[in-house]
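Have a look at the structure below before the remarks.
The numbers here are math on the coordinates, done by the rules we state, and not lab data. Since this is a predicted model, take the numbers as computed values, not measurements. Using ideal geometry, Cβ is built from the backbone for each residue, glycine included, and neighbour counts are taken over all protein chains shown.
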Amino acid sequence: SQLLSLLNSLWQSLQDSLTPYSYFDVPEFLGSASVEPNDLYRHVHLYLHQSVLSSPSLPPPRLTVSLPRSNSNLSSTSPSLSLSPNHSLDDTFNGHHLVWTLHADTLQDSLEERRSFSLRLPKRHASTLLPAYLAHVSNSADSLERSSRTRRLHTNSQRGGGAWMSVPFRHPATFDTLALDPSVKSQLLADLSAFSDGKEFYHRTGRPWKRGYLLHGPPGTGKSSLIAAMANYLRYDVYDLELTRVTSNSDLRELLIQTTNRSVIVIEDIDCSLELTGDRRNHQFGKVDKNMNKRQRVQSFDDDSDFEDYSRRDEGRVTLSGLLNFTDGLWSCCGEERIIVFTTNFADGIDPALLRAGRMDVHVRLGHCGAHAVRELVERYVGVREHHLLDNTERYIQAGAEMTPAEVGEVLLRNREVPETAVRELVAELQRRAGASGEEEDEGWEDSGAESSEGSSEKKGKKGKPGSGWEGKVRFLGRLRSLTKSDSGRRGV
Ligand SMILES: Nc1ncnc2c1ncn2[C@@H]1O[C@H](COP(=O)(O)OP(=O)(O)OP(=O)(O)O)[C@@H](O)[C@H]1O
Ligand SMILES: [Mg+2]
């Protein structure tokens, strides 16, 4: 047997020196105990799975067909194809012919099976070809993994606890279903793509790989839908953080640390969720700065009881500085590829500290429907592209008719069986609101004056109206609330 093994190894060396190929093994497990999974093996497995499916040439004569467990992390429930043991699959890269073979060896005296892929490359080009080809394999596998993973919607569950609970995220909103101003849509898409492809940029510039969005606008203008569309576009998980359920800054930190990479962290209605007493007070008196040490803080209050009162209030609650520490401070770099989205109905009710550049990088105002959005919604809901009545929408909108996309959608939805009625009813409603707004011109409602994403930009600077029905009331009450909050702090509320 010694002679046989000697001859065998000589034969191997002879073969190795004569063959024009190099071979590279990719075992399934690493280490002497073979327990540590090899990520490259998983990448090759996924890459070959994709290649088998997309290959225009004939597949290898034998393939393995399997159905992932229903509770697995992959969203697909269709059978998957993979290479069978001791069979090969051809690939080409940069004009070179490469061959993958799957080996399965059963260990002696055991039922255990060791699997590995081997890659055959032309020997002369191996040193240059291998790194580029493996990077290509890993990137393809990575994007396949991203696109086939079931995404989840997480929310913080118990009051005071630092735990998330989650359900599969299957929101149907996409950028195709949202009626947005085309330029806003294209800017948003470009921004999101640049962000998700920006790994190298963020590392080079030493910035944490995160981006902050502030979405503001009246109720029903599509803020939540836009978040869902963003998450669907990037294929990120969503963490919907209910701040009112978080009792302290440390709970907040604990929750945020648990969020995974490639996720959108959402804090809706930020102006209603955050109690800013401590910080408001600081702004109001100009005495306490978050960079002051405790001694300076004590000195800045008139007496000790004042300071104790201030500290106690901060202890058991989430504060603005706690939130800023996470969006901006040292903690912001735990994890990568995260988008933080704040929504509010009133951008001017938010503390300027939250809005400064670097915290909220992009501000998007979602306004009432412009003529373009109305047409888009009509076409999507009832399939009417052109109608002579629709030519009047622009005129009514300019005369002050305000309808949110949610309201337009509601009118169209209840008449969707009869498109003609849907269009008539919608245009009549716009006409009614244009007329009503003319009568109410003197009421003194000041719009926030922010630039509009759709249609209402032409009304910038002119007096707005409280709108009609519930929407106007909600806006008006909200406006009152934000005024009371910012002018006199909580004491005034
Ligand atoms: N731009 C839009 N295009 C298409 N549909 C829209 C648009 N905006 C809103 N909608 C529809 O209106 C409904 C309400 O929208 P959404 O919940 O996103 O509004 P919101 O701005 O988050 O409101 P709120 O401030 O009350 O949370 C959804 O059913 C959505 O489908
Ligand atoms: Mg919403």
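The table below lists the values:
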| read-out | value |
| --- | --- |
| V384 long-range amide H proximity, modeled H, under 5 Å | E379 |
| Neighbourhood charge, 10 Å Cβ-Cβ cut-off, centred on V362 and excluding it, Lys, Arg +1 and Asp, Glu -1 | -1 |
| For the stretch 123-233: relative contact order, % (alpha-carbon pairs under 8 angstrom, 6 or more apart) | 25 percent |
| Calculated FRET value between S143 and E420, using beta carbons and R₀ = 45 Å, to 0.05 | 0.50 |
| Order of V52, V238 under a 10 Å beta carbon neighbour criterion, fewest first | V52, V238 |
| Placed amide H near I340: partners under 5 Å, 5+ positions off or other chain | R211, G212, Y213, I265 |
| Ranked E28, E200, criterion: other C-beta atoms within 10 Å, fewest first | E200, E28 |
| Hull shadow area, averaged, the stretch 340-431 [alpha-carbon convex hull, nm²] | 7.3 nm² |
| Restricting the stretch 342-397 to GluC sites (Glu not before Pro) in coil, as DSSP defines it, with at most 12 other Cβ within 10 Å | E386 |
